[in-house]
Amino acid sequence: MVPALDKDAELLHEGGFLSRLCWNTSRIKVLVPEITSPAGLVVALGDWLGKRVLCPMPTVVDMEEPLVLPHFFEDLEVSGWILVRF
């Protein structure tokens, strides 16, 4: 499952990105939450006690990390996800 917000979902289907994740793209589900926000994404993912979620995030340089990221990570952990950030 690859969760995405807004235009990111469209971009995932362009340029063969999903085939780089897995040769059998029918195994990949792109999850787009009803509410386009990090909180909406957490709701769409649901509760998954002990499951890992991979969060590719940019390194924030020369500025403070936006507060939305720590809140998103905290919401994932509260829902039982094990956060793997890279």
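The values are calculated or read from the model by the stated rules, or taken from the named source; none is laboratory data. The shown structure was predicted, so the numbers you read here are calculated from the model rather than taken from an experiment. Because the Cβ atoms are built from the backbone with ideal geometry, glycine has one as well, and the counts that use them run over all protein chains shown.
If SER26 satisfies all but one of (1) at pLDDT 85 or above; (2) under 20 Å from PHE72 (Cβ atoms); (3) not in a loop (DSSP other than H, G, I, E, B), what's the number of the condition it fails?
(2)
What about MET57, is it more than 13 Å from MET1 (Cα to Cα), outside the structural domain of MET1 (by TED's automatic domain parsing) and within 11 Å of the chain's Cα centre (by Cα)?
Yes, satisfied.
Which of (1) loosely packed, with under 12 Cβ neighbours inside 10 Å; (2) assigned to a helix (DSSP H, G or I); (3) at negative phi is the odd one out, the single condition GLY16 does not satisfy?
That leaves (3) as the condition not met.
Within the set of pairs 6 or more residues apart or between chains, which connect a residue that is under 16 Å from LEU41 (Cα atoms) inside segment 1-30 to a residue that is basic (Lys, Arg) with Cβ atoms less than 8 Å apart?
MET1/LYS29; VAL2/LYS29
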